[in-house]
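Heads up, the thing below is written out as structure tokens.
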Amino acid sequence: PAGSPIPMTFYEVWGAVQPLAGSAAGGTSLTVSGSGFSPAQAADYRCVFALDAGPVLTSTVLVASTTKLTCLSPAAGVAVSSTWSLTRLGAPVPGPVVKFQFL
């Protein structure tokens, strides 16, 4: 009927992460750009680094807005390439395939 509210669902998605390389000792600040992020649930997000030759490392999100997230890279210990992704409550947040290089 006229004047009835229209239900809307918002989806989070990320499109870019910068920089794409950082120290193997960790501590590189990464900025994730996207949309639909929930700042009130920043603790639910994880930056995930699946090392090409080793384990999967994660770090928590430090700062959040509806369009940007920030996290620090974990310590990989050695120079290695990884596939970077973003999760929320363990589920992948849609985005492109990104390689992050530990130097």
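FYI, it's all coordinate maths here, none of it is from the lab. Computed from a predicted model, the values in this text were never measured in an experiment.
Here is how the numbers come out for the structure above:
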item: Rg over Rh [alpha-carbon atoms, Kirkwood Rh] for the range 12-77; result: 0.97
item: Whole-Hz ³J(HN,Hα) from phi, Karplus 6.51 cos²θ - 1.76 cosθ + 1.60, for the range 77-85, glycine and proline x; result: x, 9, 5, 7, 8, 9, 9, 9, 8
item: Gaussian network model of the chain, springs between alpha carbon atoms under 10 Å - residue of Thr58, Thr66, Thr31 with greatest fluctuation; result: Thr66
item: Within a Gaussian network of the chain (alpha carbon springs, distance under 10 Å), most fluctuating of Ala24, Ala79, Ala16; result: Ala79
